[in-house]
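Everything on this sheet refers to the single structure shown next.
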Amino acid sequence: MNNNTKTSYFSNQEYVESDNLESLRDKISNYLLYWPFFLLSISICLGVAYLYLKSIDPVYIVEAEFSINDEKNDQKTDEKNYFFKDSKNVNDEIEILKSRTLMKNIVYNLQLWTQYIKKGELKSSDIYSTTPVRFNLIKKSDDFWGHSIEILIKNENDFIIKQPHSTSTFSYGDLLNSSFGNWKLEVTPYLKNFIGQTIRINLYNPETVIDNCLDSFNAFQLTEQTSVVKLILHEHVPERGEDIINGIIKAYNQASIDYKNKVTASTLNFLDERLVDISGELNAVEKNVEGYKSSRGITDISSNSKFYLDNVKDNDSHLNEVNVQLQVIDQIQRYVTSPKSSGGAPATIGISDPGLISLIDQLNKLELQRDKLLSNTPEKNPIFAPINRQIKSTKAAIYENIKGIKRTFIATRNQLNKYGSRFESSIKKLPGQEREYISIKRQQNIKEDLYIYLLQKREEIALNSASKLVRSRVIDPAHYGAPESINSSFAYALAFILGIIIPGGSIFAKESLNNKINKVQQIEDAVFVPVLCELSYQKYMTPNKILNSPGTMISEQFRILRTNLQSVNSNNNSRRGKVTLLTSGMSGEGKSTITSNLGIVMSAAGRKTIIVDVDFRKSVIAKSFNLKNESGLCDYLNGKEFKENIVKPSLIHPDLFIISSGGRPDNPSELLEKNEMEELIDWLRIHFDEVILDTPPIKLVADAMILAKFSDVNLYVIRYGFTYKSELKYLNQLHKEQKLKNLNVIFNGVSSSNRYGYSKDYACQYYTPDKAGFWSFLKKKPNILF
């Protein structure tokens, strides 16, 4: 790469960066035009943020800690008695603490579905802990929830119920009947503090309150090495938060006691039934032993017989335990396979499998939750669906588990029976009388050992159930500190950003949805046709205004147009007159007005100028100069007039002449195709310095296209806020196909408040300074947005 190439590359880069910077500057300037709207929006948003921060209630964090006895860490548990105890796992207990059933109990016990609000001037406050009255629901209707009761504390005896169109006075304790049920109000010690004040009682749906409480509540284990659980609740009313946390701990402990009592009752029932059966069998066997001894006169047996009897006794003792465990397994199997098995938890006496014990423990807890729900909820309620699915899946897991355990017990029983058979074969070798006695004595020992075993287990369970102490200990009761700090800086920053985004988005949306051209940049970006001049908007624009007001901005803009047009025509070195054609894409874009005033400024510069009105369909040139539209171009082309006769003075400037359209022919395009039109243009070039053709819109009719072959410069008029952006595609097509040579654009009707071009207020003041000064400036109304 040579030095020239490098220089060119860096120059292009600098140009692109400069162009991007200029574009960014224009966009910023565009938005700064609406600074009052931005200022108003920011002020409103900051005000809303201030009111929001003042209106929201602070949030308190209510905490509590308590310890749960985790059986996983209890290494001193006796293996024999392990499964008579309430096995607990910290993670399982945390799930219970966060259960919906437990929270539902709290919501109903504390009546959290009732809210007491004290109405204030700026905001209302929740008076949970200091309410003067308590709402007591006696009987509710189906549509009870969602109602509000507004009362006025009249005095210590009466209160007034405010209704939309009436008021009613009642006494505290009166039974009231409303559309939502029967209720009454009971006084509290704080009644005297609220006399003369208005209280609103809101009645919410308890299910919604439960959901809100669960969302703001959390329980977690502090560390894995300890069994300490921390409870956290976020609440606007700290006293209510303390009541909820303490209520959760109390309800959890009560649930643990209820579960323990249910399991104990089921186990004792099983043991009592077995003890009754064994007691009867033992009495019968003892009578048989006593009768046999008295009938045979036996006082004792030999040492050999006693040895065999002791071995059989030990074997039978183990066999009894296995049989008891098999009976427990059978009972569990019947329990989980029965379709209606709720109400009595299966006993797990003698079972030492941790997996089975854990599953049965889980099943008992699920059925306990289900029983509590049944106490106040219909069984067909959808809330039972998830818990019924859990019970079903847990029973299925227990059923699969006990099949393997049962096989193990049956194998153990078969082995013990084999041992017993060996001892029996040895006993058969003894004398007949001793053999019969040992057999009867063996039955007695079996029943005695089984009876003692069951009785011992019953006493252990009874002693365990006699203790009402829960296996959890409160370390720190519910307490709260300072409320959570509100991030006001973030709120104000967000409000400030929104204050910018809202008007900025509105402006962006307004410009994006606007399908009209309102920037010269839009023209320059869309087409490759240069913009020759921008003309500001004038409400009343007459041809003589340019001459009568030479110092106005619009006058100077037309002079700039004249100068730029002469620069464009500078390439034409011919001494003949220059032909300029004006057209547009649609009617109403100011083409004829520009033609008239362009002719005036050209003649004012000493150039002999003629304006030819070629717009047969909508002729306005003659009217704008107060001339009659007769003996015009149409008459000449039809052969009714000579070309010298259709040229008329404008009566405004001696160097300005007019050729009117002369009427509306039936075939305007065909007239323009005649040779007489070309002869007229050539004649005008000889006798005039400037020939300006006012043609109809090129997109609507073909007249401008026909005349384009005679013109030196073609001016395409686009009107600010009037011409559609889609017209730019057609303009680009004209340029690309070279249908209009030497094509330029005039951006007409630019608003004085528009700052996309050079048409600014300060520019206007440069040409016509404000004589009224400061007071006139104050009377101006800024154009904000819409």
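The values are calculated or read from the model by the stated rules, or taken from the named source; none is laboratory data. In this text the structure is predicted, and so the values were computed from the model without any measurement. Quick reminder, even Gly has a Cβ in these numbers, built from the backbone with ideal geometry, and neighbours come from all protein chains shown. Side chains included, ligands, DNA and RNA excluded: accessible areas come from the protein's heavy atoms. Shrake-Rupley method; radii C 1.70, N 1.55, O 1.52, S 1.80 Å.
If each residue of separation counts as 0.36 nm, what is the full-extension length gain between Asp314 and Ile160 once their alpha-carbon separation is subtracted?
On the way: separation 154, 0.36 × 154 = 55.44 nm, distance 8.32 nm.
Between Asp314 and Ile160, full extension yields an extra 47.1 nm.
Assuming 0.36 nm per residue, please report the length gained on full extension of the stretch His479 to Asn205 beyond their Cα-Cα distance.
Numbers: separation 274, 0.36 × 274 = 98.64 nm, distance 2.75 nm.
Extra length available between His479 and Asn205 comes to 95.9 nm.
Give the long-range amide H neighbours of Leu535: residues separated by 5 or more places, or on another chain, with amide H under 5 Å away, using H modelled in the peptide plane at 1.01 Å from N.
Phe747, Asn748, Gly749, Val750
Rounded to the nearest 0.05, what FRET efficiency is calculated for Tyr31 and Ala605 with R0 set to 30 Å and r the Cβ-Cβ distance?
Working: r = 41 Å, r/R0 = 1.35.
Given R0 = 30 Å and the Cβ-Cβ separation, E is 0.15.
Measure off 7 Å from each Cα along the Cα-to-Cβ vector at Tyr108 and Ala265, then give the distance between these two points in nanometres to one decimal.
The answer from the label model is 1.8 nm.
Using only the heavy atoms of the protein chains and a 1.4 Å probe, how would Leu51, Leu359 rank by accessible area, largest first?
Numbers: Leu51 115, Leu359 35 Å².
The ordering from most to least exposed comes out as Leu51, Leu359.
Return the distance in nm (one decimal) between the two label points of a simple spin-label model at Gln331 and Ser506, each offset 7 Å from Cα along Cα→Cβ.
So the two model labels end up 7.9 nm from each other.
Obtain the nm distance between the two label points defined at Arg617 and Thr408 by a simple spin-label model: each point lies 7 Å from its Cα along the Cα-to-C-beta direction.
About 10.2 nm, to one decimal.
Out of the total accessible area of the stretch 139-218 (probe 1.4 Å, heavy atoms of protein only), what percent is carbon and sulfur?
Details: 2040 of 4550 Å².
Carbon and sulfur together cover 45 percent of it.
Using r as the Cβ-Cβ distance of Leu494 and Lys418, and R0 as 60 Å, what FRET efficiency do you calculate, to the nearest 0.05?
On the way: r = 83 Å, r/R0 = 1.38.
E(calc), rounded to 0.05, equals 0.15.
Could you tell me the calculated FRET efficiency between Ser216 and Phe384, based on Cβ-Cβ distance and R0 = 25 angstrom, to the nearest 0.05?
Values: r = 26 Å, r/R0 = 1.03.
Result of the calculation: an efficiency of 0.45.
Pop out the ³J(HN,Hα) list for the stretch 151-158 in order, Karplus 6.51 cos²θ - 1.76 cosθ + 1.60 with θ = phi - 60°, rounded to Hz; leave Gly and Pro as x.
Residue by residue, the stretch 151-158 yields 10, 10, 6, 6, 7, 6, 10, 10 Hz.
Report, in whole Å, the centroid distance computed from the Cα atoms of the stretch 492-567 and the stretch 127-197.
A separation of 68 Å, based on Cα centres.
For Leu455 and Glu644, calculate 0.36 nm times their separation in residues minus their Cα-Cα distance, and state this gained length in nm to one decimal.
On the way: separation 189, 0.36 × 189 = 68.04 nm, distance 14.29 nm.
Additional length available on full extension: 53.8 nm.
Take the residue pairs Lys510/Lys545; Lys545/Lys618; Lys591/Lys643; Lys287/Lys403 and return only those whose Cα atoms are more than 32 Å apart.
Working: Lys510/Lys545 35 Å; Lys545/Lys618 23 Å; Lys591/Lys643 25 Å; Lys287/Lys403 39 Å.
As for pairs spanning more than 32 Å Cα to Cα, those are Lys510/Lys545; Lys287/Lys403.
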